[in-house]
Amino acid sequence: MADFLLGIDSGGTAVKVAVIAADGTELAVRGTTHPALTPAPGHAERDPERTWECLARDIRLVLADAGLEGPDIAGIGVTGYGNGLWLLDEAGRPVGNGVLTSDLRAASICADWRRDPPDEATRQRRLQVAAWPGKPMPILAWLQRHVPDQLARARFAVSSKDYLRSRLVGTVAGEVSDQSSSGYSPVERRENDPAMLAAVGLSELARLMPPLLEPMDIAGEVTAEAAAATGLRAGTPVSAGCSDNLAVMLGTAAVTPDDVVVMAGTWGLHQCFLDALPADPSAIFLTHGLLPGTWLAIEGSPTSAGQLDWFVERFIRSQRPDLADGQLFAMLNEGVARLDPRDPPVFFLPYLNGAMDQSSARGSLIGLTNWHGLPHTVRGMMEGIAFEHRRHLDRLAALRGRPGSARFAGGAARSEPWREIFAAALDLELELPAGRELGALGAAILAAVALGRQPDLPTAVAAMTRLEGQVQPDPALTELLAGRYRIW
């Protein structure tokens, strides 16, 4: 009997796939890192064909790792980073590279759109579609100005996870949570709205809006072509899926408006559910939730653990090619743990991809002296990233009140000294969900409900998630970092 689920997470750094048992246990995980292609300054892209080929290979490998075959998989859930832009033609094949959310080419377009809108309705629409340059509509406007022939060949504008799902099932569709994040769907209605494009002068590109699925829908079944590439059984159902913001909520057991999630991965995210729209929907970034009448409030930016990954890749790995990833980060964690936190600090501004409220901001290390070494620098980066999280969390707290605790996940959550820094910098108890690939787990949970293997989301989350520990903020470190935060 097919008792297992496959969860796919198309992240900003890597595309991962996990085999998930009925109780939520990860049996095996595979993934491929895709360094951003940078054909020009400010550009961040990914090769769609290579992305699919790597995913197909990783599905075969993860099945083998778990000791399973294609017929053992009951269904597939998909999630991925929101925004960015993946253009497909009528047949569903890529038209150019996929664009990542860290792309900055359209920064000046965003600034123009936010300036002096003619009325309040247009202002709110523009804020939704132009919050930062990595959203689809600014990228579409840039392509229209600079490579219009690429747009002329395109029929659909979708997210990365929608592209990968289309390769599995053979049909192209969008999905409500990603489409509302992208700005095609207004926060008050779960449907495409050409007025969103009209608000920024792109009415003629409404033809690129794909048909919409709800997260609970079954999008289709694995085609014979996809089965041959992946080792899956043709006919395996694939759920519509959801944005990674929502998948992480499920994977961390956050299902009520009282629950707050802090995610420290490529993006730093601070999220909670809402069961009503705020008085001013433009006061915070909102997407549609998993069910009608629910929304997800998000504060975040691409300023989190991925910044330390960049530093390690560019400046450390070449010096220690003998160390595997796990060994390399263990060495860095040990170096940071040996430091006295009271040493004069290194400050880090984590704006390699700009800041949400200032796209021209840039990353900086400040306060270096000739006796600082690698551990001081790494600790400074850990603190600076945690401080940016504090800035975002304070903004979320202004909307819903300061939480007493938060679920904490992502790459930073796997580092003991970094967890302690985060707890102190946020002055918050951090609860640690079990599992590594929580986005993939969330996608599998959603698929379990869509397939009817679980009756509803709360039941599925209760059956398939658990916490494995807490981190309490150390009072002395909390006081120390509060002073540094004010300087920062």
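Brief remarks follow.
- Among the residues of region 34-53, those that are part of a helix (DSSP H, G or I) and either more than 19 Å from the chain's Cα centre (by Cα) or polar (S, T, N, Q) (or both) comprise GLU49, ARG50, THR51, GLU53.
- Qualifying positions in region 19-33 - of a type outside the set (D, E, K, R), open to solvent by 60 Å² or more (accessible area, probe 1.4 Å) and assigned to a loop (DSSP other than H, G, I, E, B): ALA22
- Close Cβ contacts (under 7 Å, 6 or more residues apart or on different chains) running from residues in region 50-62 that are over 11 Å from LYS16 (Cα atoms) and open to solvent by 100 Å² or more (accessible area, probe 1.4 Å) to residues that are at pLDDT 95 or above and of a type in the set (Gly, Ala, Ser) comprise ARG60/GLY231.
- Some residue of region 61-81 being out of contact with any His (no Cβ under 9 Å at 6 or more places or on another chain), modelled with pLDDT under 95 and under 30 Å from GLY268 (Cβ atoms): yes
- Filter result (open to solvent by less than 10 Å² (accessible area, probe 1.4 Å) and outside any helix (DSSP H, G or I)) within region 383-414: ALA406, PHE408, ALA409
- Residue ID - farthest from ILE487 (Cα to Cα), chosen from residues in region 334-344 that are open to solvent by 40 Å² or more (accessible area, probe 1.4 Å) and in contact (Cβ under 8 Å) with a residue 40 or more places away in the chain: ALA337
One line per residue, one yes/no per condition, for (1) open to solvent by less than 20 Å² (accessible area, probe 1.4 Å); (2) assigned to a helix (DSSP H, G or I); (3) not aromatic (Phe, Trp, Tyr):
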position: ARG145; (1), (2), (3): no, yes, yes
position: SER166; (1), (2), (3): yes, yes, yes
position: THR171; (1), (2), (3): no, no, yes
position: SER180; (1), (2), (3): yes, yes, yes
position: PRO186; (1), (2), (3): yes, no, yes
position: VAL200; (1), (2), (3): yes, no, yes
position: ARG207; (1), (2), (3): no, yes, yes
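Per-residue answers, yes or no, for (1) open to solvent by less than 10 Å² (accessible area, probe 1.4 Å); (2) assigned to a helix (DSSP H, G or I); (3) under 17 Å from ASN245 (Cα atoms); (4) touching a residue at least 40 places away in the same chain (Cβ under 8 Å):
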site	(1), (2), (3), (4)
CYS272	yes, no, yes, yes
ALA276	no, no, no, no
LEU286	yes, no, yes, yes
GLU299	no, no, yes, yes
LEU308	yes, yes, no, yes
PHE311	no, yes, no, yes
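- Members of region 345-382 found to be among the β-branched types (Val, Ile, Thr), in a loop (DSSP other than H, G, I, E, B) and buried (at least 18 other Cβ atoms within 10 Å of the Cβ), listed by number: VAL346
- One residue stands out among those in region 106-130 that are surrounded by 20 or more Cβ atoms within 10 Å (Cβ to Cβ) and not in a helix (DSSP H, G or I): the one that is modelled with the lowest pLDDT, which is ALA130.
The values are calculated or read from the model by the stated rules, or taken from the named source; none is laboratory data. Please read all numbers here as calculations on a predicted model, not as lab measurements. Please note: Cβ atoms are built from the backbone with ideal geometry, for glycine as well, and neighbour counts cover all protein chains shown. Ligands, DNA and RNA are excluded from the accessible area calculation, which covers all protein heavy atoms including side chains. Shrake-Rupley method; radii C 1.70, N 1.55, O 1.52, S 1.80 Å.
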